[in-house]
Amino acid sequence: MRRLPLEQLLALVASIAVVGCTGPGAYDPMDPTEDPTEPMPYEPPSEDDFVPTPTTAGDEESTFSHPAGLGPTVTSPREALERMQEQGPPAFASRVHSCRKVRFRTIGRVLASRGVNLDADGELSAGRMYRSSDQSLGAPNYGARIPETTSLTVASASRLFDILVQAAPEIIANLPSREECMIGERGAALFDEDGSCNADGLTCLLGVPATVAHVGLCDDTVARADNLEEGQRLAVATLLAAELTCE
């Protein structure tokens, strides 16, 4: 190992000390304007000193566009006024543009009035399906003090359509003989002899005057099916489901 002479070692230490003492901000004894007893002036920190520089890889070009706020949408007074002028006050619009779920017992009365036997015991009969669907259709549970639900769920809407599809053949067969569907001494059939939809029969089915759109939807559903019987069954179930679900 090579040893440095003492003179070279002392010179190296002195040079390091000189560099350290003459760095930025160091006192320069050769500068007559500097006073070693005067403290350095205080400079308050800026906001940038407390804000760390982002180090993540995400930026506006590599992330999704998020909404400005996560709370409810803020509507300006002008927009609220225009909406009320067009749709009416909220208390009125909520009744016009939406409806509650039809009650379980009301569904049963509608089916019975259209010719469905609610006391049928067949395994796949509409009556038995209706009686066993009280919970899925949101019927009240008085023993547990649970009231009837006020809105449809996916499960209850699906179950209702299943019941209507199963009840459609009974409705098609029995509707003309219902007293409320009589026009004079002739009952209003849902379909004519050629298989097309009858407006008088649809009026009795829906409880409101059938429009051209109702008849057109019925005929279109029948035409799209694989066979006439299946098409008529689906048409009756679809129209009645729309009437019972406010669609």
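None of the figures in this text is laboratory data; all of them are computed from the coordinates on show. Just so it is clear, the structure is predicted and the values come from calculations on it, not from any experiment. For neighbour counting, all protein chains shown are included, and Cβ atoms are generated from backbone atoms with ideal geometry for every residue, glycine included.
Quick notes on this one:
- Protection proxy ranking, highest mean first, for peptides 105-111, 83-89: 105-111, 83-89, where packing is the per-residue count of other beta-carbon atoms within 10 Å, averaged.
- Normalising the average separation of contacting C-alpha pairs (under 8 angstrom, six or more residues apart) by the number of residues puts the relative contact order of the stretch 114-225 at 18 percent.
- Stretch gain in nm, segment ASP134-SER151, where the contour uses 0.36 nm per residue and the Cα spacing is subtracted: 4.7 nm
- As a proxy for reagent exposure, ARG186, ARG128 were ordered by neighbouring Cβ count within 10 angstrom, fewest first; the result is ARG186, ARG128.
- Per-selection Rg to Rh, the stretch 104-244 - Cα, Kirkwood hydrodynamic radius: 0.99
- If you plug the beta carbon distance of ASP119 and TYR142 into 1/(1 + (r/R0)^6) with R0 = 22 Å, you get a FRET efficiency near 0.50.
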